[in-house]
Amino acid sequence: MKIGFLDCIMNAADVYSVASKVASERIASVELTRLTSPDVLKIPASAKKLFQGGADVVIAFLTAVEEDHEALMLVYEKIIDVEIEYGKFVFFCLVGEDEWKRREDLPAVAEEKLTAIVDLVAKTVQAPAELSQAIGTDAYAAFAQMTAAALGGGGTGEPAAGDEPEFGGGRPLF
């Protein structure tokens, strides 16, 4: 399997070596091809380039800050077009700035998230029937909670305690 690893020059850390280690441990005969996007909004074009280079799937790793929210929403919309055009998937692995306290902690957080993403990639590409059977179960609840945490929620669909928006000058909604 050929996985395109897409990161961004604006990321807080370079975790390609972590991604390479996780992929080789979790998937037999995997080839990881790296491409670094010049900014978040270029992720769809960079994913296209990886697919054109023969990638079976793309993992986009981003360290996100609150100011990236609107750009990420645009990227998510555009990435659907890329997935439809190539008939392949782009998996996002987001690490929010609130998930690590020191820069030295980031590789460990990234490894945990990349492990979950690589496992999901393997099931999606190598065993889609098994993945389809898991729909509607809590088999991927931890993955959903992890993704929601990166986007600023608690993973349950409900705001976390203290996350209620304040109107008239309080915390921003995103």
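What pairs can you find where one residue is in the stretch 13-38 and at positive phi, the other is assigned to a loop (DSSP other than H, G, I, E, B), and their Cβ atoms are less than 9 Å apart, with a gap of 6+ or different chains? Between residues of the stretch 13-38 that are at positive phi and residues that are assigned to a loop (DSSP other than H, G, I, E, B), the close pairs are 29/1.
Each residue in the stretch 91-108 was checked for being over 24 Å from residue 50 (Cβ atoms) and in a helix (DSSP H, G or I), and 7 pass. Within the stretch 28-64, how many residues are outside any helix (DSSP H, G or I), over 14 Å from the mean Cα position of the chain (by Cα) and closer than 20 Å to residue 15 by Cα? Result for the stretch 28-64: 11. Residue count for the stretch 1-38 satisfying the condition of being of a type in the set (Lys, Arg) and out of contact with any helix residue (DSSP H, G or I) (no Cβ under 7 Å at 6 or more places or on another chain): 2. On the stretch given as the stretch 86-120, residues that are more than 26 Å from residue 27 (Cα to Cα) and either acidic (Asp, Glu) or buried (at least 18 other Cβ atoms within 10 Å of the Cβ) (or both) total 5. Screening the candidates 36, 63 for the property of being surrounded by fewer than 16 Cβ atoms within 10 Å (Cβ to Cβ), farther than 18 Å from residue 124 by Cβ and either in contact with a strand residue (DSSP E or B) (Cβ under 7 Å, 6 or more places away or on another chain) or of a type in the set (D, E, K, R) (or both) yields one hit, 36. All conditions in (1) of a type in the set (D, E, K, R); (2) surrounded by fewer than 16 Cβ atoms within 10 Å (Cβ to Cβ); (3) under 21 Å from residue 122 (Cα atoms) hold for residue 77, with the sole exception of (3). Report, by residue number, each residue of the stretch 36-71 that is β-branched (Val, Ile, Thr), farther than 16 Å from residue 2 by Cα and modelled with pLDDT of 95 or more. Within the stretch 36-71, 36, 43 qualify. Scanning the stretch 107-127 for residues that are under 19 Å from residue 17 (Cβ atoms) and in contact with a strand residue (DSSP E or B) (Cβ under 7 Å, 6 or more places away or on another chain) yields a count of 6.
Could you tell me which residue of the stretch 8-25 is surrounded by the most Cβ atoms within 10 Å (Cβ to Cβ), considering only residues that are among the small types (Gly, Ala, Ser) and under 20 Å from residue 55 (Cα atoms)?
Restricting attention to the stretch 8-25, the residues satisfying the condition of being among the small types (Gly, Ala, Ser) are 12-13, 17, 19-20, 23-24.
Checking which are under 20 Å from residue 55 (Cα atoms) leaves us with 17, 19-20, 23-24.
On the way: 17: 9, 19: 24, 20: 16, 23: 22, 24: 14.
Here the residue is 19.
The values are calculated or read from the model by the stated rules, or taken from the named source; none is laboratory data. Since the structure is predicted, the reported quantities are computational estimates derived from the model, not experimental observations. When we count neighbours, we look across all protein chains shown, and the Cβ atoms used for this are built from the backbone with ideal geometry, even at glycine.
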